[in-house]
Amino acid sequence: MSAVAMRLPGLAKRDAAPVDPDAAVAKAHGPSGPAKFRLIRYFAIASLVAFAVVAGVFAVFELKQGDFFREVQDREGAFFSLTQDQFVKKQEEAALRDLLSIHEAGNVNLTRLFANALWERDFAPFVAKAAPISVDHCRAMEDVKDAKGKSAAPPEKKACFAEVGKRIMALPGFREIDAKVIDSMKKTSVFKVKVFDLRGITIYSSEHAQIGEDKLFNAGWKKALAGTPASELTHRDKFSAFEGVVENRDLISSYLPVLAPGSNRIVGVFEVYSDVTPFLAQIRDTSRQIKVGADANRQKVRLVSEENQRKVDEAASVQVAALLAVLAALFGVLFVIVRRADRIIESQAEDREHAHQQLAQSEKMAALGQMVAGVAHQLNTPLGFSKNNVALAIDQLGQFETPVKVACKMSELVRSTAGDRIVLDVGRARAQLEGINASADDVVAVREMLGDVLTGIDQMSELVVHMRDFTRLDRARVSEFDVNEGLKSVVYLARSVIPNSVEVTEAYGPIPQIVCTPSQLNQIFLNLIINASQAIEGDGRITVSTREERGFVRIDVADTGSGIDPAIAERIFEPYFTTKPEGVGTGLGLNIARDIARAHGGDITVDSAPGHGATFSVFLPIGSAAEAGRAA
Amino acid sequence: MEATKGRVLCVDDEPHVVRALQWLLRKDFEVHAATNAADALRLLTQFDFDVVMSDQRMPGITGVEFLRDVRRAAPRAMRILLTGYSDLDAMVRSVNESEVYRFVTKPWNIRELPLLVAEAVEIARQAPAVVPDADVAQEAVDSLAAPVGPGAVSHRPTLVAMRAGESILLIDDDEGVRRSMHDVLGADVRVRHAGNLAEAVHALDDGAVSVVISDVRVGAVDVTRLIRLMKQKHPEVVTVVFSGVKDAQVVMDLINQGQVYRFIPKPFKPGFIRLIVDSALRRHRQLADTPEVRRRFQVQAAGEEAKVSLLRDVERAALAFAGGGAPGAGAFADGGTDAGPGLLGRLSGGFRRLFGA
Ligand SMILES: Nc1ncnc2c1ncn2[C@@H]1O[C@H](COP(=O)(O)OP(=O)(O)OP(=O)(O)O)[C@@H](O)[C@H]1O
Ligand SMILES: [Mg+2]
């Protein structure tokens, strides 16, 4: 079916609808009515989107929570390893400190022993012997700055002090002291022993090369000179000990003040190197073990945190899954409810639609009923005089019986008589003809009576033809239709229900036939004409006119009635809108009329000035409806 | 044979109808015809008609309006309305405004119509004309349209004083109507009230009723039979009927068989009722004082079955009343508890007296 669009000022552009018969009325309230609200679809889309958003937000939260948990765990782990590390370090430091102080204490004792054993007899005289050896000339030598900017003794200075050493070693008693020292230190953990005099000059060293060295600026020496032992842990790759050169050793060197026996007077400084390599190794081993333990702990903590993380992640996904399941279940339940509601709403809409159609039907029947009553009464006039005349004519014919008999007898007599004379017994005949009082005028009258009866019958058949044309029950529903003819029938019939104080004027212009459903158009016309007559109080006029206008047939029904208040003009086409008392108007007339017009691809417009009547115009397309009609 | 034939005017916009009527009536009457009201009114000035018969639906003027004019222009002429339409509004107006003698529907009966016309001619010639008491009637009609307000009350004419023996019978089962009627008419107007058929018969039998004001129905029972039958025997009683029921046949029967004086559609305005009662009383006096006039309001006999069914309903109402021991039953049973047979006997006596059964 070709949808031909058409335009007309004041008319909405619309597709040419099929002029389908059954349901011009149903149509307008059905699919082509206000767009249907697809509840299920909208619900499904809206709720799925909403649920997806909820699920998404929840999932993101869960994810964030997992991340947060991981962060917390990581931080905890980091803190844990830091404390462990610190612990290990502290432990090692403490062990070393302990080691140092233990050895220092040991060295102090050793020094005491040493001093007690050797100082008075051996070292004190020896130091006294070395005292005259001047070192000032060596000390007077300028220090130089090395590459790192640190001032150090130049080689000449060192050589000068070495020279001093040689002079000390050359002193008498050196060999005995040396032998005694080595002898007493043998088999101990002491690797080296040095003795400084109060000037800071190395008077003795078990490593002979170091004798003569200046310790004036040595921090340990200074401390010891001030009365406090100073110890230091050092590592030496090579070290010349009593029993030869040893490798890779951890040593503690302690500067120790030598007190004159029985007094607190410092008379010299000892430096003792003792070997702590095995202790240190032990400490390191312990540290390592602690570290290993700590690492193991850390590992365990990491595993636990990983496990926790996994559990948290797992719980999160379980929660997300549960939420999804709940949402899905909720959606399912809601969907079922909504679908049921939709069905109910739909069936209610159907019921309403049905009721509306029934009302529309009954409105139509009411209009028809009114018209049938009007027509029945209109029939009474021709029926009245026709019946009257026929009865009178029959009476009259009775009066003609005798005269006709006489005339017949006479003509028979005349025909059967050979001669040219007939004998009439006047006396007898007078008596027989006494009853004749019919005149020739009566025959004329009878003819006129019967002539009127014929007119009456014509009137009645005209009425019947108009009724048939109006209902068109015996015609195809969709057909070529001369709107003017339809209007004539409708006006003819409507006159019977319009008060005779209302004049109906017809002014039909030349218009083409259109394909349509004539009985429905007739219904429009009847509704408009009846509305017009109802709008007229007392005298008035209804003018029905037609003309062709821009591809449309235009039918105007104008009245001189009350007109339409602009306040309600918008609403008159609404179903059930009426200003008439109950029983007079259902308010469906115009609604149905517009539905029908639109189903034909046309429309109805109204123009009214209150107090000056109203004009309703029906537009019906000439071309498109014809095509649509043929296709339908 | 009379000196002159009855002179009849037939008015119908359909020429075939007047021709047919002429053919039907010309043998016995002098028939004049017009196809529009203007021609007809001109003929009225030229001839003294005994009967004017008019169609209801004519272009420009309705039969009712035309006959109202005839009533003024030729009060002696009897008016008959001929119509193919059972238009209730037209019928009510034909009662109130035109006071038609008969309402004839199309198609008419060709045996009865000449008889009816002959009867009307005879009445027109013998009974004196009733000059319409135009002002009252017109005022009554006008007040139908006028708003009810102080203005309407102020110019209300004083009621004609009731003479001894005169009374008004109100037949209605609605207490509200009864009270408002009392308020409107005032204390000096004797109003009897009947809430059912039995009471109505009793009241009618009991005393001189001048005017009957009645609803079409009390309860579910049709009162118009009573009105029609009573009018047959007592043409001097003037009846005013009001009703909320819209039934053309009821109104037609009330015209033809009841010669109802006024028919008032409900709801009505109190001031209007006053005017109606006033003019009804005047009409009653006319009829009471000049019995010959009564013929003008002669009714077409109601069928025998109407009488039978009415009697049955009256008896039923009486029994229900007495049996129920309703307070109003005292109106019938003078203090006696066993009122049944005595009451019925008295009622059927009254019924016979009233309706000649
Ligand atoms: N020609 C007119 N002049 C003035 N008002 C009109 C006219 N036609 C319609 N109307 C207004 O439009 C309203 C709706 O008209 P519509 O034909 O739809 O219903 P109705 O005539 O009241 O009842 P129904 O036609 O069902 O008997 C009317 O009640 C009336 O107020
Ligand atoms: Mg309408």
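The values are calculated or read from the model by the stated rules, or taken from the named source; none is laboratory data. On a predicted model such as this, the values are computed, not experimentally measured, just so you know. For neighbour counting, all protein chains shown are included, and Cβ atoms are generated from backbone atoms with ideal geometry for every residue, glycine included.
Values for this structure:
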read-out	value
Matching option when the condition is surrounded by 13 or more Cβ atoms within 10 Å (Cβ to Cβ) and closer than 30 Å to A:Asp285 by Cβ, among A:Ala130, A:Ala105, A:Ala94, A:Ala78	A:Ala105
Residue check for A:Ala558: within 16 Å of ligand 1 (Cβ to nearest atom) and either out of contact with any Cys (no Cβ under 8 Å at 6 or more places or on another chain) or away from every other protein chain (no Cβ under 14 Å) (or both)	yes
Subset of segment A:486-512 (residues that are assigned to a strand (DSSP E or B) and either of a type in the set (Phe, Trp, Tyr) or touching a Leu at 6+ places or on another chain (Cβ under 8 Å) (or both))	A:Glu506, A:Tyr508
Among (1) under 28 Å from B:Leu24 (Cα atoms); (2) more than 14 Å from chain B (Cβ to nearest Cβ); (3) of a type outside the set (A, V, I, L, M, F, W, C) - the single one A:Asn437 does not satisfy	(2)
Residue check for A:Thr228: in a strand (DSSP E or B) and among the polar types (S, T, N, Q)	no
A:Ala329 within 14 Å of chain B (Cβ to nearest Cβ) and of a type in the set (A, V, I, L, M)	no
Qualifying residue in segment A:209-223 (condition: in the same structural domain as A:Phe161 (by TED's automatic domain parsing) and in a strand (DSSP E or B))	yes
Residue match in segment A:358-372 (condition: at pLDDT 80 or above, closer than 22 Å to A:Gly585 by Cβ, more than 16 Å from ligand 2 (Cβ to nearest atom) and under 57 Å from the mean Cα position of the chain (by Cα))	yes
Residue that is farthest from the other protein chains (Cβ to nearest Cβ) [pool: residues in segment A:381-403 that are without any contact (Cβ under 8 Å) to a residue 12 or more places away in the chain and out of contact with any strand residue (DSSP E or B) (no Cβ under 9 Å at 6 or more places or on another chain)]	A:Glu401
Test result for A:Ala532, crowded, with 19+ Cβ neighbours inside 10 Å, within 13 Å of ligand 1 (Cβ to nearest atom) and without any contact (Cβ under 8 Å) to a residue 60 or more places away in the chain	no
Output for segment A:120-165, where each listed residue is in a strand (DSSP E or B) and either among the polar types (S, T, N, Q) or within 60 Å of the chain's Cα centre (by Cα) (or both)	A:Ser151
Qualifying residue in segment A:96-117 (condition: within 30 Å of A:Val318 (Cβ to Cβ), assigned to a helix (DSSP H, G or I) and either in contact (Cβ under 8 Å) with a residue 12 or more places away in the chain or charged (D, E, K, R) (or both))	no
Residue under evaluation B:Ser54, criteria (1) under 25 Å from the mean Cα position of the chain (by Cα); (2) within 10 Å of chain A (Cβ to nearest Cβ); (3) in contact (Cβ under 8 Å) with a residue 40 or more places away in the chain, criterion not met	(2)
Options A:Ile530, A:Ile572; residue that is more than 20 Å from A:Thr505 (Cβ to Cβ) and modelled with pLDDT of 90 or more	A:Ile572
Odd one out for A:Leu473, checked against (1) surrounded by fewer than 14 Cβ atoms within 10 Å (Cβ to Cβ); (2) within 16 Å of ligand 1 (Cβ to nearest atom); (3) in a loop (DSSP other than H, G, I, E, B)	(2)
Unique residue being under 23 Å from A:Ala355 (Cβ atoms), away from chain B (no Cβ under 14 Å) and more than 9 Å from ligand 1 (Cβ to nearest atom) when the list is A:Gln513, A:Gln523	A:Gln523
Matching residues in segment A:599-618 - criterion: being crowded, with 19+ Cβ neighbours inside 10 Å, farther than 18 Å from A:Glu548 by Cα and more than 8 Å from ligand 1 (Cβ to nearest atom)	A:Ala599
Within segment A:481-520, tally of residues that are under 54 Å from the mean Cα position of the chain (by Cα) and away from ligand 2 (no atom under 16 Å from the Cβ)	6
Scope segment A:561-597; condition within 14 Å of chain B (Cβ to nearest Cβ) and near ligand 1 (Cβ under 9 Å from one of its atoms); matching residues	A:Val584
Members of segment A:582-608 found to be more than 14 Å from A:Ser362 (Cα to Cα), within 9 Å of ligand 2 (Cβ to nearest atom) and of a type in the set (Gly, Ala, Ser), listed by number	A:Ala593
Unique match (being over 30 Å from A:Leu323 (Cβ atoms), modelled with pLDDT under 80, surrounded by 14 or more Cβ atoms within 10 Å (Cβ to Cβ) and aromatic (Phe, Trp, Tyr)) among A:Phe123, A:Phe114	A:Phe114
Segment B:60-74: number of residues that are within 19 Å of the chain's Cα centre (by Cα), buried (at least 24 other Cβ atoms within 10 Å of the Cβ) and within 14 Å of chain A (Cβ to nearest Cβ)	2
Residue in segment B:12-22 that is within 12 Å of chain A (Cβ to nearest Cβ), touching a Phe, Trp or Tyr at 6+ places or on another chain (Cβ under 6 Å) and surrounded by fewer than 24 Cβ atoms within 10 Å (Cβ to Cβ) present	yes
Strands (runs of 3 or more DSSP E) contained in segment B:183-298 and holding at least 3 residues surrounded by 20 or more Cβ atoms within 10 Å (Cβ to Cβ)	B:211-215, B:238-243, B:262-265
